[in-house]
Amino acid sequence: MPAPASTTARRYPPGEGLPHARAYATLHGHLAVSTHTHHDGFPLGRWLVQQRRKARSGQLSAPTLQELTVLDPWWNPPWPFTWHRNYHLHCTLAAASGPVPEDSRRWADRQITQWDRLHPHQQALLTTARITTAP
């Protein structure tokens, strides 16, 4: 049985991805991208996965860490990244005209029922998105 393909097999130098991260954050207001996200042909999602891995192991350069943090303070959150992508998706859908899709409403409802298990910063982000346990 062949080994699973690594989604981050190629190593990208930090400087190569920063212009793409900057442009994406300017356009979307965050860096909560999926692994498969490309920006102008550059695999931004895979590059950010590598930068998060380096940051967690203390190997990300201080200038790259600083720039990514300036672009999006939550580019490397201490909670599961899937949660963070869902948060941004919900915010985008809620800001659009029209009803919020059922999946996103259910996600928001789960956040309320799990409120006490969320990180305080997750609670603060949800509160800014008008998702709260308060009546």
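Shape class of region 65-115 from the Cα gyration tensor (axes a ≥ b ≥ c, square roots of the eigenvalues): oblate, since a/c reaches 1.5 or more and a/b does not exceed b/c. Counting only alpha carbon atoms, the long axis of helix 44-56 and the longest principal axis of the chain meet at about 90°. Mind pulling the angle between the C-alpha long axis of helix 81-95 and the longest principal axis of the chain? Nearest 10 degrees, somewhere in 0 to 90. Helix 81-95 sits at roughly 60 degrees to that axis. Here the gap between Thr127 and Glu102, fully extended at 0.36 nm per residue and compared with their Cα-Cα distance, gives a gain of 7.0 nm. Seen against the Cα atoms of the chain and their longest principal axis, helix 14-28 is set at about 30 degrees. For the residues Pro73, Pro43, Pro101, a GNM of the chain with alpha-carbon springs under 10 Å puts the largest fluctuation on Pro101. Checking (1) 39; (2) 26; (3) 31 against percent of Cα pairs over 26 Å apart calculated from these atoms, the matching label is (3).
Read the figures in this text as sums done on the coordinates, not as results from a lab. Quick caveat: nothing in here was measured; it's all calculated off a predicted structure.
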